[in-house]
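**Student:** First the structure, then my questions, so here it is.
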Amino acid sequence: MADHTPSGPVELGASMDYAEHDKTYNLFLGMAKWGTLFCVALLAAMAFGFFTAAGFFSATVLFILILAVGGLILR
């Protein structure tokens, strides 16, 4: 007898690796979440440093503070 298990494209019924899909999707969500936090912290610190008289050191402290608080919130 011929073997009729699908081995072609998904449209034809091939088996899917759902564990790998979940792993990739979770990685994408994590990178988007942490990347967004980094960009927001960087933009806020740059605005604080450039548009006030605070200077570079204070902006760096603010950047680290935003990353720490955001990291606690996003965990």
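Taken together, the values in this text are just the output of simple stated rules run on the coordinates, not laboratory data. Since this is a predicted model, take the numbers as computed values, not measurements.
**Student:** Want the number for Ser15 to Leu65: 0.36 nm per residue separation, take away the alpha-carbon distance, what's left?
**Tutor:** Gain on extension, Ser15 to Leu65, equals 13.3 nm.
**Student:** If you don't mind, another one. Any idea what log10 I(q)/I(0) is at q = 0.11, 0.19, 0.20, 0.29 Å⁻¹ for the range 10-74, Debye with uniform C-alpha scatterers and no solvent?
**Tutor:** These q points yield log10 I(q)/I(0) values of -0.43, -0.75, -0.79, -1.11.
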